[in-house]
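Step one of this worksheet: look at the structure below.
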Amino acid sequence: MTVRDVKEILGAQVISGEEFLDREAHTGCGSDMMSDVLAFVKEQCVLLTGLCNLQVVRTAEMMDVVCIVFVRGKRPDESMIELANEREIPLLCTGHRMFSACGLLYQNGLRGGISN
């Protein structure tokens with residue numbers, strides 16, 4: 001699945017990083033706790049979150065996240081957009097709640113990592 005597919009499935013708006021929509025995503029993770037993201041995310045992951053702070057972008061960079069999707073209509077501020085642009089991480093926004101957004105992506109073939 002590509003970031004463009006994620007955008008279409010979720011009816012999401014691209015906030016920044018339009019040039020990276022053809023990146024491949026292999027897994028998804030929905031969390032507002034960046035400690036869980038650090039513990040459980042696999043490479044080339046879509047991160048869905050309602051948390052809007054710089055730590056989200058920094059965590060995404062460390063974990064090789066292919067895009068960040070803000071759920072519940074949350075929108076990143078200018079400092080987040082600037083950092084994401086510097087790190088080449090696309091930002092998307094959807095009105096779906098976390099549960100619905102994760103379910104739609106799962107229904108369309110995106111899976112989470114394997115639990116140990």
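The values are calculated or read from the model by the stated rules, or taken from the named source; none is laboratory data. What you see is a predicted model, and the numbers here were worked out from it, not measured in a lab. So basically every Cβ, Gly included, is an ideal-geometry build from the backbone, and we count neighbours across all protein chains shown. Note: accessible area is taken over every heavy atom of the protein model, side chains too, but ligands, DNA and RNA are not part of it. Shrake-Rupley method; radii C 1.70, N 1.55, O 1.52, S 1.80 Å.
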Viscosity 0.890 mPa s, temperature 25 °C: Stokes-Einstein D of the stretch 53-98 from its Kirkwood Cα radius, in µm² per second? 232 µm²/s
Gain in span if fully extended, R111 to D32, counting 0.36 nm per residue against the direct Cα distance: 26.6 nm
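Per residue, how many Å² of accessible area does the chain show with a 1.4 Å probe?
53 Å²
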Name the residue farthest towards the positive end of the dipole of the chain from the options V14, C67, H96, assuming +1 on Cβ of Lys and Arg, -1 on Cβ of Asp and Glu, about the Cα centre. H96
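Taking the Cα centre as origin and putting +1 on Lys and Arg beta-carbons and -1 on Asp and Glu beta-carbons, what dipole magnitude results for the stretch 43-109, to the nearest 20 debye?
Details: 6 positive and 8 negative charges, 89 e Å.
Its charge dipole is roughly 420 debye.
Give the Kirkwood hydrodynamic radius (Å, one decimal) of the chain, defined as one over the mean of 1/r across all pairs of different Cα atoms. Kindly include the intermediate steps, with their values, before the conclusion.
On the way: mean 1/r = 0.0742 Å⁻¹.
One decimal place: 13.5 Å for the Kirkwood radius.
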Could you list which residues have their amide H under 5 Å from that of L48, counting only those 5 or more apart in sequence or on another chain, with H placed in the peptide plane? C29, G30, S31, V69
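Tally up the carbon and sulfur contribution to the accessible surface of the chain as a whole percent, 1.4 Å probe, everything protein left in place.
Details: 2910 of 6110 Å².
Looking at the chain in its full context, I get 48 percent from C and S.
Could you compute the net charge surrounding R4? Neighbours are other residues with a C-beta less than 13 Å from the C-beta of R4; K and R count +1, D and E count -1. Mind showing how you got there, number by number?
On the way: positive: K7, R23; negative: D5, E8, E18, E19, D22, E24.
It works out to a net charge of -4.
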